[in-house]
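The values are calculated or read from the model by the stated rules, or taken from the named source; none is laboratory data. Keep in mind the model is a prediction, meaning the values are calculated, not measured. Quick reminder, even Gly has a Cβ in these numbers, built from the backbone with ideal geometry, and neighbours come from all protein chains shown. Protein only, heavy atoms only, side chains kept; ligands, DNA and RNA dropped before computing areas. Shrake-Rupley method; radii C 1.70, N 1.55, O 1.52, S 1.80 Å.
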Amino acid sequence: MALAKYLVTGAAGFIGRSIAAALLERGAGVRGVDNFATGKRSNLTGLDGMEFVEGDLADASVASRVCAGVEVIFHEAALPSVPRSVVDPVASNRACVEATLQLLVAAREAGVRRVVYAGSSSAYGDTPTLPKHEEMLPNPISPYAVAKLAGENYMRSFTRVYGLETVALRYFNVFGPYQDPTSQYSGVLAVFCRRMLAGEAPTIHGDGEQSRDFTFIQNTVEGNLLAAEAATVSGRVMNLATGERITLNRVVELLRELTGYDGPVNYGEPRAGDIRHSLADISLAKELLGYRPSVDFREGLRRTVEWYRRLGC
Ligand code: UD1
């Protein structure tokens, strides 16, 4: 096992395991940490070269142990989902804020060069301006959005106060292989893929005309790898997305084609804490990272459906 140069937090989760896999493919030494709150042991399959630590980053001793000797951290560990945070805001705060702070303290202590942080588009809230750009004032609505934004602010603070290099990437609705489709808090595309492949009706919250800038996981991974190396980005916050938005009604149409599902679609009440539209301006990541989304939404959706199909959903 190569000496770990990289630490991936939340390595048993969807995004963390995808970043870890890309690093291992490049022959890098990787350490992963996860407390299995939402991560799954099965997601570690195929990450054989990774050194793995089970533990909770809100525990200072775990944070300190996993930071030892590493150069770059990809901080993906969190408790995702807007509605989950509405039900239990304290748990969201512990997993997203306390754990992030402990990690930063430990990273600084260990002499880590850079922390790349998984921020969230939810920081923008439901302001009508589209696309969302980084100069806009944050306007978090849900406890989840508040917690992810607090983590982002801690990143900037640690750069300013202690000189630790940090980069915050605001993800926009990431989807793709390994996203858990089984929880009530799962992302909408994972849920719809699973249900429609199984011949079950998807349920749309509201009229389906809400839109999102869905981002295929490969784009997210590539943005992270660029952010780890780019010069002159320390202390910056930037959107990482596709730069296009699509409504849920249109998503369902595409999924009918890809899955062969021809049954009904249910429409329910709009979800509390939901925002209406989300679209990223990605020019800053293009400029500072040289980022380009290499997989468009349609192709990403096709690959995702194929993955769930192989999984036997
Ligand atoms: C939000 C963030 C996203 C973050 C994610 C973490 C925004 C714009 N996005 O995603 O960056 O990564 O939280 O969890 O704030 N829906 C249905 N039927 C379902 C499930 C969901 O209609 O079965 C709808 C939701 O009501 C919502 C949309 O699909 O309108 C997307 O929901 P979801 O996938 O949970 O993501 P966001 O809340 O948009």
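Considering only residues of the range 199-214 that are of a type in the set (S, T, N, Q) and near the ligand (Cβ under 8 Å from one of its atoms), which is farthest from VAL295 (Cα to Cα)?
THR203
Consider the range 188-204. How many of its residues are open to solvent by less than 40 Å² (accessible area, probe 1.4 Å) and in a loop (DSSP other than H, G, I, E, B)? Walk me through it before giving the result.
At the first step, the residues of the range 188-204 found to be open to solvent by less than 40 Å² (accessible area, probe 1.4 Å) are 189-193, 196-197, 201-202, 204.
Remaining after also requiring in a loop (DSSP other than H, G, I, E, B): 201-202.
Summing the residues that are open to solvent by less than 40 Å² (accessible area, probe 1.4 Å) and in a loop (DSSP other than H, G, I, E, B) in the range 188-204 gives 2.
Is one or more of the residues making up the range 245-260 within 13 Å of the ligand (Cβ to nearest atom), among the charged types (D, E, K, R) and touching a residue at least 12 places away in the same chain (Cβ under 8 Å)?
yes
Is there a residue in the range 166-187 that is part of a loop (DSSP other than H, G, I, E, B), aromatic (Phe, Trp, Tyr) and at pLDDT below 95?
Yes: the range 166-187 contains one or more residues that are part of a loop (DSSP other than H, G, I, E, B), aromatic (Phe, Trp, Tyr) and at pLDDT below 95.
So is ALA78 buried (at least 16 other Cβ atoms within 10 Å of the Cβ), within 21 Å of PHE36 (Cβ to Cβ), within 14 Å of the ligand (Cβ to nearest atom) and under 20 Å from the mean Cα position of the chain (by Cα) or not?
Yes, satisfied.
Contact list please: Cβ distance under 6 Å, first residue in the range 1-27 and of a type in the set (Phe, Trp, Tyr), second residue assigned to a helix (DSSP H, G or I), pairs at least six apart or on different chains.
What qualifies is TYR6/LEU23.
Within the range 106-135, take every residue that is open to solvent by 30 Å² or more (accessible area, probe 1.4 Å), touching a Ser or Thr at 6+ places or on another chain (Cβ under 9 Å) and away from the ligand (no atom under 13 Å from the Cβ) and give me the one that is farthest from ALA4 (Cα to Cα).
It comes out as HIS133.
What is the one condition in (1) under 30 Å from LEU7 (Cα atoms); (2) surrounded by fewer than 20 Cβ atoms within 10 Å (Cβ to Cβ); (3) within 9 Å of the ligand (Cβ to nearest atom) that GLY163 does not satisfy?
Against the list (1) under 30 Å from LEU7 (Cα atoms); (2) surrounded by fewer than 20 Cβ atoms within 10 Å (Cβ to Cβ); (3) within 9 Å of the ligand (Cβ to nearest atom), GLY163 comes up short only on (3).
Being over 18 Å from ALA110 (Cα atoms) and in a strand (DSSP E or B) is the filter here; which residues of the range 146-165 pass it?
none
Search the range 219-239 for residues being buried (at least 21 other Cβ atoms within 10 Å of the Cβ) and of a type in the set (S, T, N, Q), and hand back the single one that is nearest to the chain's Cα centre (by Cα).
Filtering the range 219-239 for residues that are buried (at least 21 other Cβ atoms within 10 Å of the Cβ) and of a type in the set (S, T, N, Q), the one nearest to the chain's Cα centre (by Cα) comes out as THR220.
Residues of the range 185-198 being more than 9 Å from the ligand (Cβ to nearest atom) and not aliphatic (A, V, I, L, M), which ones?
CYS193, ARG194
Provide a single number: the residues in the range 267-286 that are open to solvent by 80 Å² or more (accessible area, probe 1.4 Å) and either within 9 Å of the ligand (Cβ to nearest atom) or hydroxyl-bearing (Ser, Thr, Tyr) (or both).
Qualifying residue count, the range 267-286: 4.
Say we look at the range 18-64 and pick out the residues that are in contact with a Lys or Arg (Cβ under 6 Å, 6 or more places away or on another chain) and not small (Gly, Ala, Ser); which of these is least open to solvent (accessible area, probe 1.4 Å)?
Looking at residues that are in contact with a Lys or Arg (Cβ under 6 Å, 6 or more places away or on another chain) and not small (Gly, Ala, Ser), I get ASN43.
Find all pairs meeting these conditions: Cβ atoms under 7 angstrom apart; at least six residues apart or on different chains; first residue within the range 81-103 and among the charged types (D, E, K, R); second residue open to solvent by 20 Å² or more (accessible area, probe 1.4 Å).
ARG84/TYR185
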